[in-house]
Amino acid sequence: MAKSSSSSPTATASASKKRRSRGGTATLDEVKKLGTELLSSRAHLNHAPALLALLSPTAPLDLALEALISLQSFFVPLIPSIPSASAAATAGDAGSDPELVFGAWLRQRFDELVAALVELSVSPHSDDAIRDVALDALMDFVKLGKDGKFQSAIYHKFLYAVVHAADPIDTLLELLGSKYFKYTDVCYFTYTSLDKIANSLGSKITGSGKDALQSGSGGSENSSIFVHNIYNLLAHVPSMDFQKESTFDMWSTVGLSSKGEKDSSKDTSTHIKKKLQLKFTKAWLSFLKLPLPLDVYKEVLASIHQNVIPSMSNPSILCDFLTRSYDIGGVISVMALSGLFILMTQHGLEYPKFYEKLYALLTPAVFMAKHRSVFLQLLDTCLKSSYLPAYLAAAFAKRLSRLALSVPPAGALIIIALIHNLLRRHPSVNFLVHWEVDESNATGEASQSKKIGADPFNNNEADPAKSGAMRSSLWEIDTLRHHYSPAVSRFVASLEEDLTVRAKTTEMKITDFSSGSYATVFRDEVRRRIKQVPLAFYRTTPTSLFLGSDFPGWTFGGQHNSTVETIVEGNEKIEVVGASDSTPSKRLRMEA
């Protein structure tokens with residue numbers, strides 16, 4: 001009994017150690033033995049294909065990890081001696097020199113290993129552990145090229161598979177971002193490969209395919225996924241400030257140099273910045289030439305002024321993309337305003353109809369858009385120039401005041417702040433606040449333009465110069481005094497000040513109001529401390545509705561004992577109310 005009980009754990013351990021794969025072709029001990037023999041002698045080179053067959057996302061995790069570690073240990077010392085693909089093809093055709101034949105065989109097996117590592121890294125069926133190890137092994141092969149050169153060909157194959165992955169790649173992108181995108185040469189060759197991939201993808205998409213891609217139809221579903229993947233890769237590469245001095249960490253020994261030897265004369269910070277900035281610009285331009293799906297289009301416009309324009313070698317190249325986006329109208333124009341404004345103010349872009357387009361964007365929908373905060377701040381900045389013509393300032397003030405009648409309370413608060421700043425910056429339009437009409441001289445054609453009760457402003461006119469704002473007034477602001485929201489009715493009082501005296505007034509910060517909503521208005525109103533609250537307070541419990549002192553000569557208590565007599569005198573009916581006690585009575589007259 002003792003012997004059988006002691007042998008039972010041994011049998012269990014042996015069974016767990018000799019687990020079979022799904023195909024039942026190898027055990028963990030056998031895989032370890034294959035790896036050990038492969039590393040010990042060339043006589044066991046044929047073990048390499050057997051180990052390569054285990055590198056599959058569907059293979060057992062322990063067998064795949066053991067095979068991967070053995071193959072990585074086998075190929076790392078041989079990388080400098082592995083011939084190129086063209087040299088290996090020539091050696092295979094010759095077939096005379098054993099070393100050349102071995103080199104060709106080695107090249108073929110190495111390509112198979114790289115393909116297997118790419119599949120393990122990209123496949124959604126791979127376990128997180130095997131994906132992490134496979135990515136590290138792949139990047140080691142990229143790093144350990146001939147003479148320390150970055151193996152861009154291997155890295156390009158990897159990125160090509162990432163872009164053309166049909167399944168989500170979020171986990172892989174997080175690994176790349178945390179481990180490898182901090183190295184400058186990895187970012188450099190990422191931009192280089194994405195530039196080539198985007199150009200190749202753009203050439204494959206036909207004209208009909210572009211229309212289908214932008215509309216999101218199913219005919220170009222794969223192309224839409226590829227565009228999403230390119231954007232996600234570009235977005236995960238950290239943006240760099242090329243204006244500041246910084247150090248650059250390299251993954252490979254040589255860095256950005258394409259030669260086998262490190263050229264210290266060119267390996268300067270300025271030279272690296274220039275090369276990296278050029279590749280960054282090319283990659284983004286190639287990507288923006290693709291027909292972008294609507295969701296990607298919005299994400300690009302929302303971040304282009306922060307993550308793309310500051311890092312480009314020549315930001316003016318984006319003028320065509322941004323002006324086309326600004327001309328589309330609606331939310332797209334609102335989101336394109338940030339990038340277009342930077343090009344106009346910092347890079348000398350001329351856009352003749354900028355204010356006409358900005359005027360057309362002022363609709364009730366913009367006050368409920370997701371990116372309204374940035375747009376309203378830019379609107380206030382665009383209207384800040386002292387060179388703005390009076391008719392434009394008046395048109396914007398009038399358009400905003402008309403919108404105040406139909407927007408939510410938070411939008412009305414922003415409009416009041418915008419009009420306050422407009423009136424303060426441009427004293428020439430202060431006549432809009434109060435425009436008196438001389439009724440004695442209101443005759444002829446002059447009276448038609450200033451007719452009381454008629455507003456000459458045309459809200460449907462797209463041209464601010466033809467809107468008639470200079471002959472109108474801000475009567476809409478006066479109606480806000482009776483707004484249902486107390487916050488709005490109180491805030492209107494800020495426009496009662498004499499805004500022409502700039503020394504006594506200050507501009508309002510639009511950032512304090514631009515993120516407002518129903519929730520913020522309600523929260524502020526609840527938190528507001530009320531100084532005086534009307535209360536009904538009685539020292540003693542009242543016995544009647546009114547006190548006798550309020551109505552001298554009247555009695556309100558004990559009316560249930562009173563008697564009512566009706567006397568008809570002439571055309572009048574007189575009711576006499578009499579009490580049972582000695583209290584006085586009054587006669588109520590009612591029309592017959």
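Looking at this model, which pairs from 282/384; 157/275; 298/466; 274/353; 157/179; 357/509 are more than 28 angstrom apart at the alpha-carbon? Spell out each step's value before the answer.
Details: 282/384 35 Å; 157/275 22 Å; 298/466 33 Å; 274/353 35 Å; 157/179 19 Å; 357/509 24 Å.
The answer is 282/384; 298/466; 274/353.
Can you work out the accessible area per residue across the stretch 27-144, with the rest of the protein chains kept in place, probe 1.4 Å, in square angstrom? Please report the intermediate quantities before stating the final value.
Details: 5200 Å² over 118 residues.
On a per-residue basis, 44 Å².
How do 66, 476, 496 stack up against each other in accessible area, from largest to smallest, with a 1.4 angstrom probe?
Working: 66 50, 476 0, 496 115 Å².
Sorted by accessible area, descending: 496, 66, 476.
May I ask you to give the percent of accessible area on the stretch 27-144 that is carbon plus sulfur, with a probe radius of 1.4 Å?
Values: 2990 of 5200 Å².
Carbon and sulfur together cover 57 percent of it.
If you count, for each residue, the other Cβ atoms within 10 Å and average over each peptide, how do 43-56, 511-524 line up from highest to lowest?
Numbers: 43-56: 17.4, 511-524: 14.8.
So the peptides 43-56, 511-524, ranked by packing, come out 43-56, 511-524.
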Evaluated over the stretch 27-144, the Cα radius of gyration and Dmax, each in Å: 14.4, 45
Which of 203, 473 is most accessible, then next, and so on - probe 1.4 Å: 203, 473
Using a Förster distance of 25 Å, the FRET efficiency for residue 81-residue 179 (Cβ separation, nearest 0.05): 0.35
Potential extension, residue 428-residue 62 segment - 0.36 nm per residue separation minus Cα distance: 123.8 nm
Accessible solvent surface per residue of the stretch 265-376, calculated while the other protein chains remain in place, 1.4 angstrom probe, Å²: 45 Å²
Accessible area (Å², 1.4 Å probe, nearest 10) - residue 526: 100 Å²
Amide proton proximity set for residue 508, modelled H, under 5 Å, gap of 5+: 421
Amide H partners (placed H, <5 Å) of residue 255, local residues excluded: 150
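The values are calculated or read from the model by the stated rules, or taken from the named source; none is laboratory data. Remember, it's a predicted structure, so these values are computed and weren't measured experimentally. A quick note on method: Cβ atoms are made from the backbone with ideal geometry, for glycine too, and the neighbour counts reach across all protein chains shown. Note: areas computed on protein heavy atoms with side chains; ligands, DNA, RNA excluded. Shrake-Rupley method; radii C 1.70, N 1.55, O 1.52, S 1.80 Å.
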